[in-house]
1. In region 280-299, how many are hydroxyl-bearing (S, T, Y) and modelled with pLDDT of 95 or more?
2. Can you name the residue in region 295-317 that is out of contact with any Phe, Trp or Tyr (no Cβ under 9 Å at 6 or more places or on another chain) and in a helix (DSSP H, G or I) and is also nearest to A450 (Cα to Cα) among such residues?
3. Yes or no: region 292-299 includes at least one residue that is at positive phi, touching a strand residue (DSSP E or B) at 6+ places or on another chain (Cβ under 9 Å), open to solvent by 20 Å² or more (accessible area, probe 1.4 Å) and without any contact (Cβ under 8 Å) to a residue 40 or more places away in the chain.
4. If I filter region 162-205 down to residues being of a type in the set (S, T, N, Q) and in a loop (DSSP other than H, G, I, E, B), which single residue comes out as modelled with the lowest pLDDT?
5. Tally up the residues in region 481-502 that are buried (at least 24 other Cβ atoms within 10 Å of the Cβ) and closer than 14 Å to R217 by Cα, please.
6. Can you report the number of residues in region 58-94 which are in a loop (DSSP other than H, G, I, E, B), out of contact with any helix residue (DSSP H, G or I) (no Cβ under 7 Å at 6 or more places or on another chain), open to solvent by 50 Å² or more (accessible area, probe 1.4 Å) and within 30 Å of T187 (Cα to Cα)?
7. Between a first residue in region 425-449 that is touching a residue at least 24 places away in the same chain (Cβ under 8 Å) and of a type outside the set (F, W, Y) and a second residue that is open to solvent by 40 Å² or more (accessible area, probe 1.4 Å) and not in a loop (DSSP other than H, G, I, E, B), which pairs have beta carbons less than 6 Å apart while being 6 or more apart in sequence or on different chains?
8. I'm told P426 meets every condition in (1) out of contact with any Asp or Glu (no Cβ under 6 Å at 6 or more places or on another chain); (2) at pLDDT 95 or above except one. Can you identify the failing condition by its number?
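The values are calculated or read from the model by the stated rules, or taken from the named source; none is laboratory data. The structure displayed is predicted, hence computed values, not measured ones. Cβ atoms come from the backbone with ideal geometry, glycine included; neighbour counts cover every protein chain shown. Each accessible area value is taken on the protein alone, full model and side chains, heavy atoms only, with ligands, DNA and RNA left out. Shrake-Rupley method; radii C 1.70, N 1.55, O 1.52, S 1.80 Å.
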Amino acid sequence: MEKRITCIFCFMIAVCAALIGRIVMIDTHEDYITAAENHSTYKLTLAKTRGKIYDKNGTALAGGASCLKALIIPSSDVSARLIGQLSAEKFNSIAPSLKGVYPFVTDVDDGHCECDGVTVYRVPKRYSDHSLAVHLVGWCGKNGGESGIEKAYDNWLSSASGELSVTCRVSASGRSLDGADREIADTTPLSDRGVMLTIDSNIQNIAETAAAKYIERGAVIIIDVDSGEIAAMASLPSYNRNDIASVLSDERSPLINRAVAAYNAGSVFKPVIAAAALENGWNAQKKYTCTGTVSIGNTTMGCIRHTPHGEETLEDAISHSCNTYFINMSAKTGGDAIFDMADRLGFGRTTRLGEHYSSSKGNLPDKGILKRPAELANLSFGQGSLTVTPIQIAGMITAIARGGEYIEPYVVMGLTDQKKKIISQPFVPERHRAMSSATAATIAACMRTAVLQGTARAGASEKITSAAKTGTAETGIIKKGRRINQAWYAGFFPYESPKYACVVLAEDGTSGGGSAGPVFKEIAERMRPLI
């Protein structure tokens, strides 16, 4: 019996020794230490970031916003406290998580809900609800950039990714150990790399504010005449990039960037015809008698309401926007010369706005088509198959303001490092002489008269001088029994020493002067202190 008890005792000692050895091995083995630590932490991501998009002054147009997020450790006490701090809708949305054991993160409107078990953090947010240049900057989806600069430079912006996270200690059951140390990991400064644009946020705000007062759908382009830099690019209507779903079925198509899309031109294209004619010997002082209509084959074309303008010089014809004068001018100048001038001014081809971003090319009828008298006549006042973008019209106006030298408008300055210093090769816009300085000066003077006493009077200001050309383009579209027209107002200011070119497009407008002119006027007046 005694021997049996001794055997049992020895066996028990052996078992205990084995267990103790196993525990020691687990406690000291590195792999087991790591596994134990992993099972005692819980990582929560507060924000993920990507490269920023800056204006020319280094102000973030994307990546510079912030919001509040709360780290919540579920418990009955926390639930009771949050009922009075959060809206009913918000509380109901997180109620299932409050019943769980794991800590979680949720958006909050303010920091008043912070208490034991609830910690509020201010974290980076891609977009604010009221951002500038939303169409140009574009927006991101789950798979990266979906439009605009976000899409065009997605690879670079994605490479500058960062993250803000918090790691909590949790018990074996997954419940957070409230009061235990938390580790904050922040690599979001890596996302200070980005893309710098030529946009000036102050001018962009002026453009968007003025446009929103007068037009529902359309676009505004403002270009620095000296450099060709696009200081503002606005498209209407705007939209909230934090709520894309709400505009997907909007019949106004808010997601379209109208500034780079192609439209019917109308009379805003007439300076191209005038430039081609003057470069080929047209006498600006020679008079032409407008009878209100002109016959091209079996087709009768004419001015608005076929109203005759009588005897006109080029100055009168541009000021009154006389169609028959330009039909006559085009016929004598020829389609080849007009096509070549339009090509030199950037029509019929994409405008490179940066290394990876460009506008639509629109449509410029080729030389073969322009040998047909009716096609050439239609082109003479911007109708027919011609389509243009606001960017192209702005390029034309800038060339006139620059004394005849065309410079390709552009909006991307380059890629930046984390200190906002441009590290890529600077974008080199195309530039060449499109017309003589004398031709440009003659057209500019005619556009000045249009502002003083012609179709562009609605954009005139007593505070700043300007020169402009209007256009009301027929689209051929009839909606609810009404013809849809595109209204244009394109000009530059100040007239004596041009600094900025500005183009306003009002979709479905009544007239270039009436619909788009007031936008131009307000922009010019508000920008006067910047000149």
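1. Our first condition is that a residue be hydroxyl-bearing (S, T, Y); within region 280-299, this holds for 288-289, 291, 293, 295, 299.
Remaining after also requiring modelled with pLDDT of 95 or more: 288-289, 291, 293.
Of the residues in region 280-299, 4 are hydroxyl-bearing (S, T, Y) and modelled with pLDDT of 95 or more.
2. E315
3. Filtering region 292-299 for residues at positive phi gives 292, 297.
From what's left, touching a strand residue (DSSP E or B) at 6+ places or on another chain (Cβ under 9 Å): 292.
Subset that is open to solvent by 20 Å² or more (accessible area, probe 1.4 Å): none.
Taking every residue of region 292-299 in turn, none turns out to be at positive phi, touching a strand residue (DSSP E or B) at 6+ places or on another chain (Cβ under 9 Å), open to solvent by 20 Å² or more (accessible area, probe 1.4 Å) and without any contact (Cβ under 8 Å) to a residue 40 or more places away in the chain.
4. First, the residues of region 162-205 that are of a type in the set (S, T, N, Q): 165, 167, 171, 173, 176, 187-188, 191, 198, 201-202, 204-205.
Then drop every residue that is not in a loop (DSSP other than H, G, I, E, B), which leaves 171, 173, 187, 198.
Working: S171: 68, S173: 54, T187: 96, T198: 98.
Within region 162-205, the match that is modelled with the lowest pLDDT is S173.
5. 3
6. So in region 58-94, the residues in a loop (DSSP other than H, G, I, E, B) come out as 58-59, 63-64, 73-75, 84-87.
Right, trim to out of contact with any helix residue (DSSP H, G or I) (no Cβ under 7 Å at 6 or more places or on another chain) and you get 58, 64, 73, 75, 84, 87.
Now drop any that are not open to solvent by 50 Å² or more (accessible area, probe 1.4 Å), which leaves 64, 84, 87.
Next, from what is left, pick out any that are within 30 Å of T187 (Cα to Cα): 64.
So the count comes out to 1.
7. These pairs meet every condition: R433/E405; A434/R344; M435/E279; T439/E279; C446/E315; T449/E315.
8. Only one criterion in (1) out of contact with any Asp or Glu (no Cβ under 6 Å at 6 or more places or on another chain); (2) at pLDDT 95 or above is unmet by P426, namely (2).
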